[in-house]
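Chemist: The structure under discussion is supplied below as structure tokens; questions concerning it will follow.
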Amino acid sequence: MQHLPSRLIAQRYFSGGLRGWSALLVGAGLARLAVGGLAVSVALLVVVLSVMNGFERELRERILAFVPHVELDYHSGERAQSDYQQLLGEPQLRQMTPFAQTEGLLYVGGRSRAINVLGLQAQQLPRGWATVLATPQQLQGDGILLSAALAEQLKLAIGERLTLLLGSGAERAATIGHRQIVGLFNTHTELDQHTVLVAESSLASTAAVRRGWQIQLNEPLDSRRWSRAVYPALSTDARLNDWRQSHGNLYQAIKLSRQLVVLLILLTVAIAAFNVVAMLVMSVERRRGDIAILQTLGLQRGGIVALYSLLALRIGSAGVALGLIAGLLLCQAVAPLFAALQGWLEWPLLSTEVYPIDYLPVDVRTGDLLVISVTTLLLTLLAAIYPARRASAILPATELRSE
């Protein structure tokens, strides 16, 4: 029963509006500061976590839709059809498509660009590339497809012709050919800066070309384990490479950045919790006489601790609620606002020349919201320990003697 007065007193002071706050605290402004500090910190944490989650999601679902999870090629340069039949029965296998790949140089009008030439078959396109090509029939003949970004940088358009130099190995001169641009694509990833598409058959006469299979798995993060499991059953000259060899550093960088940013913003939550400590300590000093009177009326030390703990919990709940609302609203607005800002500035703030994608992704996860809420409430409860112990240590006889 002794906790009932504590709950009622905390309710009275919290719900009494600014007048009620002023009765308990040094001023209503400090109460607003405590709740507002928590709300701002929670909102920032929600937005930053959602953006970092978005980058992680885009790596898995967008970038790895174009980059093979596992790449199977051969020392001999020729594909082994037996390996295709061997892997078709794998339960983790999602898609397996043939490819040919080599390095090259685009040259047009005195401008040149080193590029990665990817040869694909129109009838068996990887799922990512199938979504960005206007029609698979573009990958036929001796045409070439460029990204819209690369075409803009080289000032090229569909229908124009360019010179493509392809390596032919150490003992042969480079192959020089003229190709017509038959289409443009836009992956919105770093591939736009260095990858061009051609029909695989048009690379048949090129010696320095890797041929093999691009493999997509149901779970990209299992690519290394899967590769080790299937490798013994493949041809003797087969080579397996997974996406971590080309994009593993990016994945680790995203995870590390997420952890560091979360740590920094958690410090702002801790600072906001310190405001709660200061507010409650000042309330103890202001209401020492009232606390002494409550003790003479039978409120035990545990009841005083419960009073300040409930008060801190209500402050934390208000800050968390306001912060979650503000954070979720910002998450809805941040991507279109970022795109509008790029359009207004007419300058790419996220260019695929530097960043893996050219837009700001947002992925709000319920689990993160729960962790943020619980962590903030725990910090505010911890913030109440010192003021509560200080209030419970007040001696009624000593305090009331001076009244």
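Chemist: From the residues in the range 57-98 that are buried (at least 17 other Cβ atoms within 10 Å of the Cβ) and closer than 30 Å to Val371 by Cβ, which one is modelled with the highest pLDDT?
Modeler: Of everything passing the filter in the range 57-98, His69 is modelled with the highest pLDDT.
Chemist: Does Val230 satisfy being within 19 Å of Gln214 (Cβ to Cβ) and over 28 Å from the mean Cα position of the chain (by Cα)?
Modeler: yes
Chemist: May I ask you to list the residues in the range 126-155 that are over 17 Å from Asn116 (Cβ atoms), more than 28 Å from the chain's Cα centre (by Cα) and among the hydrophobic types (A, V, I, L, M, F, W, C)?
Modeler: Matches in the range 126-155: Ala134 only.
Chemist: Restricting attention to the range 102-144, and to residues there that are of a type in the set (A, V, I, L, M) and more than 17 Å from Gly183 (Cβ to Cβ), which single residue is surrounded by the fewest Cβ atoms within 10 Å (Cβ to Cβ)?
Modeler: Ala114
Chemist: A follow-up question, please. Starting from the range 136-149, take each residue that is assigned by TED's automatic domain parsing to the domain that holds Leu203 and list its partners that are among the β-branched types (Val, Ile, Thr) and at pLDDT below 85, counting only C-beta distances under 9 angstrom and pairs at least six apart or across chains.
Modeler: Ser147/Thr352; Ala149/Thr352
Chemist: Can you tell which of Gly177, Gly183 is within 24 Å of Arg113 (Cα to Cα), modelled with pLDDT of 85 or more and not polar (S, T, N, Q)?
Modeler: Exactly one residue qualifies, and that residue is Gly183.
Chemist: Then there is this: Return the pairs, sorted by first residue and then second, in which the second residue is part of a helix (DSSP H, G or I), the first residue lies in the range 249-268 and is surrounded by fewer than 16 Cβ atoms within 10 Å (Cβ to Cβ), the beta carbons are less than 6 Å apart, and the residues are 6+ apart or on different chains.
Modeler: Short answer, once both residue conditions are applied: none.
Chemist: In the list Ala272, Ala233, Ala208, which residue meets the criterion of being touching a Gly at 6+ places or on another chain (Cβ under 6 Å), farther than 30 Å from Gly141 by Cα, in contact (Cβ under 8 Å) with a residue 24 or more places away in the chain and not acidic (Asp, Glu)?
Modeler: Only one candidate passes the filter, namely Ala272.
Chemist: Test Gln81 against the stated conditions and say whether it is in the same structural domain as Val198 (by TED's automatic domain parsing) and closer than 14 Å to Gln214 by Cα. Walk me through how you get there before you give the answer.
Modeler: Details: in the same structural domain as Val198 (by TED's automatic domain parsing): yes; closer than 14 Å to Gln214 by Cα: yes.
When the stated conditions are applied, Gln81 passes them.
Chemist: Please work out which residue is surrounded by the most Cβ atoms within 10 Å (Cβ to Cβ), limiting yourself to the range 338-380 and to residues that are touching a residue at least 12 places away in the same chain (Cβ under 8 Å) and of a type in the set (Gly, Ala, Ser).
Modeler: Looking at the filtered set, the residue picked out is Ser373.
Chemist: Kindly indicate the residue of the range 185-223 that is among the charged types (D, E, K, R) and out of contact with any helix residue (DSSP H, G or I) (no Cβ under 6 Å at 6 or more places or on another chain) and also nearest to His247 (Cα to Cα) among those meeting that condition.
Modeler: Glu190
Chemist: Six or more apart or on different chains, Cβ under 8 Å: which pairs go from a residue in the range 306-317 that's of a type in the set (S, T, N, Q) to one that's part of a helix (DSSP H, G or I)? Could you list them?
Modeler: If the second residue must be part of a helix (DSSP H, G or I), the pairs left are Ser309/Leu381; Ser309/Ala388; Ser317/Leu377.
The values are calculated or read from the model by the stated rules, or taken from the named source; none is laboratory data. This structure is a prediction, so every number in the text was calculated from the model and none was measured. All Cβ positions, even for glycine, are placed from backbone atoms using ideal geometry, and neighbour counts span all protein chains on display.
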